[in-house]
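Enquirer: Just passing along the structure, written as structure tokens.
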Amino acid sequence: MGTGVYSISFTFSLFIFSISLVCTTVYTFSPIDHYLVNCGSSATETLDPDHRVFTGDDSGFLISTRSTHLLKAESHLDSSSPLYQTARAFNRPAHYAFPISDRGTHHLVRLHFHPRFTNGCCNCFEVEFHVVANGFLLLNNFRVPKGDGLPTIKEFVIPDDLGKLDIMFIPSENSKFGFVNAIEVISAPKDLIADVARYVDSGKVEWIHGLLRNGFETVHRVNVGGFKVTPFNDSLWRTWVTDDKYLQVRDGSEKIHFGGRIHYQIGGASREVGPDNVYNTARIIKSSDDSIPNANITLAFEVEKGYRYMVRMHFCDIASVSSGMIYFNVYVNGNLAYENLDLSYVTNRLLASPFYADFVVDGGGLGNLVVSVGPSNTSLPHAVDGLVNGIEVWKMNNSMGSFGEEVSAEYVWRSWRRGHTGFLIPLAAAVFLLLTASVFMLRTKNGYVGWSRLPVDVSETNLKFTNQF
């Protein structure tokens, strides 16, 4: 009897596990526009380490190859991804065009750079170039950092209403050369970018609208309290790093892990906004007695001065024993951005249900963006008094539509054309003079004269007659 019960129980458990595995496997995000390009490769398909299929850039996306050439990595230079075995190099503007079916939505644009090429080109760490996409200046005088030898991936989220997405790589005047290893263009889910956020500045908090008109550059993406999340485990193929290098104060908080199911709700955060692996871990502040801890969870992020930034904070109550017991404050750059945040209220009193809040802040002259959560006046003893699961920091484009300095995409393009037009005009003039001299010498040699002096004895009547023709 006991053996039978055990067998039935085991079979039922295995069935439940299989169902949950199927549900997890079946659910995948299917973007309407999904272009993955392995630049410089002539292979029909290339499989990257995350099992995504990239096509070669001779499949029609590259408009012209007249000014470009291929680069291949030396065989002794190892790489974890076949995407970085080839690249497309250019000494004139290189233009990629992607047809867009999902119009009116933001699109993810990822650019891959890995300067591992030593054959037939200059030092790829020293080249500078610009990148323009649909009127946005994504990169200005960009130079790949040497860093730790890992690939550099630049990620942007830009709006599109044109029915196509044009990406142009323009070499700068300093190096006259550039390259790119791979390009991703993916239509973003509708709820990735919200049109409204809280604007936080000098103790003032107000709603700001119209964010859908902006473009965004990913600067930081952190899985707070958890492990690194790779693109293979993220439905939008993102990377979430650990909080080790950002955490300011380690005392007073603890990491937790949740093994249950994350409850996504309509109107809340979806799996595309944040994956399970972000919401099932967190860093918390918790009181174990009648007193409320005097501590905050604080993380600091290095940012470029002079831009606005959108900070997205991810919350999911995986620590409370029941709803209605968690209240805390959120601070951005020392300003109270959200007072007495009640996760039970915003998630309809459902535990383990994700929620995110967006805050817009001016980078100004700080160069550092500090985010904190901690107990509020309504926090309860013997409860969780602060929690955060993930943080994203996005740079917003400036008034010039640029993510790099106070210049526009049009200015960069015109500057390049002006610099090269100045060289072409004297060259064309020299060619014209040479051709003229050659024709004249040839006609003289054959007894023909192209012009002669007007005779002085031509009558006025004959002169008028001649001028009619």
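The values are calculated or read from the model by the stated rules, or taken from the named source; none is laboratory data. No experiment lies behind these values; they were computed from the predicted model shown. Every residue, glycine among them, receives a Cβ derived from its backbone with ideal geometry; neighbour counts consider all protein chains shown. All accessible areas refer to the heavy atoms of the entire protein, side chains included, with ligands and DNA or RNA removed. Shrake-Rupley method; radii C 1.70, N 1.55, O 1.52, S 1.80 Å.
Enquirer: Which of the numbered conditions does S13 fail, given that it passes all the others? Conditions: (1) open to solvent by 80 Å² or more (accessible area, probe 1.4 Å); (2) modelled with pLDDT under 90.
Expert: (1)
Enquirer: Does segment 144-159 contain at least one residue that is out of contact with any His (no Cβ under 7 Å at 6 or more places or on another chain) and under 18 Å from V370 (Cα atoms)?
Expert: No, segment 144-159 has no match at all.
Enquirer: Same structure, new question: Find the residue count for segment 339-353, including only residues that are among the acidic types (D, E) and open to solvent by 50 Å² or more (accessible area, probe 1.4 Å).
Expert: 1
Enquirer: Only residues that are part of a strand (DSSP E or B) and open to solvent by 10 Å² or more (accessible area, probe 1.4 Å): list them for segment 29-57, please.
Expert: H34, Y35, L36, T46, L47, V53, T55 - these are the residues of segment 29-57 that are part of a strand (DSSP E or B) and open to solvent by 10 Å² or more (accessible area, probe 1.4 Å).
Enquirer: Pick from G225, G252, G267: which is at positive phi and either free of Cβ contacts under 8 Å to residues at least 24 places away in the same chain or of a type outside the set (G, A, S) (or both)?
Expert: G267
Enquirer: Within segment 169-190, count every residue that is over 13 Å from H34 (Cα atoms) and open to solvent by 10 Å² or more (accessible area, probe 1.4 Å).
Expert: The number of residues fulfilling the criteria is 6.
Enquirer: Against the condition under 23 Å from the mean Cα position of the chain (by Cα), closer than 20 Å to R110 by Cα, at pLDDT 95 or above and hydroxyl-bearing (S, T, Y), how does T218 come out, does it pass?
Expert: In short, yes.
Enquirer: Condition first: within 15 Å of the chain's Cα centre (by Cα) and open to solvent by 20 Å² or more (accessible area, probe 1.4 Å). Can you find one or more residues in segment 107-127 that meet it?
Expert: The answer is no, given that none of the residues of segment 107-127 is within 15 Å of the chain's Cα centre (by Cα) and open to solvent by 20 Å² or more (accessible area, probe 1.4 Å).
Enquirer: Within segment 363-407, track down each residue that is among the hydroxyl-bearing types (S, T, Y) and assigned to a loop (DSSP other than H, G, I, E, B).
Expert: If the condition is that a residue be among the hydroxyl-bearing types (S, T, Y) and assigned to a loop (DSSP other than H, G, I, E, B), then S376, T378, S379, S399 are the ones that fit.
Enquirer: Among the residues of segment 339-362, write down those that are farther than 18 Å from R271 by Cα and either part of a strand (DSSP E or B) or free of Cβ contacts under 8 Å to residues at least 40 places away in the same chain (or both).
Expert: E339, N340, L341, D342, S344, Y345, R349, F359, V360, V361, D362
Enquirer: For segment 193-241, enumerate the residues that are surrounded by 20 or more Cβ atoms within 10 Å (Cβ to Cβ) and either among the polar types (S, T, N, Q) or touching a Gly at 6+ places or on another chain (Cβ under 7 Å) (or both).
Expert: N214, V222, N223, V224, W240
Enquirer: Please go through segment 137-168 and give me each residue that is under 16 Å from the mean Cα position of the chain (by Cα) and either open to solvent by 50 Å² or more (accessible area, probe 1.4 Å) or not aliphatic (A, V, I, L, M) (or both), ordered by number.
Expert: Hits for segment 137-168 are N140, F142, P151, T152, I153, K154, E155, F156, P159, D160, D166.
Enquirer: Give just the number: which of (1) closer than 20 Å to G401 by Cα; (2) under 18 Å from the mean Cα position of the chain (by Cα); (3) polar (S, T, N, Q) does N223 not satisfy?
Expert: Going through the list (1) closer than 20 Å to G401 by Cα; (2) under 18 Å from the mean Cα position of the chain (by Cα); (3) polar (S, T, N, Q), N223 breaks only (1).
Enquirer: Taking only segment 284-313 into account, find how many residues are in a loop (DSSP other than H, G, I, E, B), open to solvent by 50 Å² or more (accessible area, probe 1.4 Å) and out of contact with any Ser or Thr (no Cβ under 9 Å at 6 or more places or on another chain).
Expert: 8
Enquirer: Follow-up. Sort through V360, V330 and tell me the only one that's under 23 Å from the mean Cα position of the chain (by Cα), open to solvent by less than 10 Å² (accessible area, probe 1.4 Å) and at pLDDT 95 or above.
Expert: On inspection, the qualifying residue turns out to be V360.
For (1) out of contact with any Leu (no Cβ under 8 Å at 6 or more places or on another chain); (2) part of a loop (DSSP other than H, G, I, E, B); (3) open to solvent by less than 50 Å² (accessible area, probe 1.4 Å), each residue gets a yes or a no:
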{"site": "V249", "(1), (2), (3)": "yes, yes, no"}
{"site": "I262", "(1), (2), (3)": "yes, yes, yes"}
{"site": "V273", "(1), (2), (3)": "no, yes, yes"}
{"site": "N277", "(1), (2), (3)": "yes, no, no"}
{"site": "A282", "(1), (2), (3)": "no, no, yes"}
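Enquirer: Please verify whether segment 400-412 includes one or more residues that are modelled with pLDDT of 85 or more and either under 23 Å from T242 (Cα atoms) or more than 29 Å from the chain's Cα centre (by Cα) (or both).
Expert: No, because not a single residue in segment 400-412 is modelled with pLDDT of 85 or more and either under 23 Å from T242 (Cα atoms) or more than 29 Å from the chain's Cα centre (by Cα) (or both).
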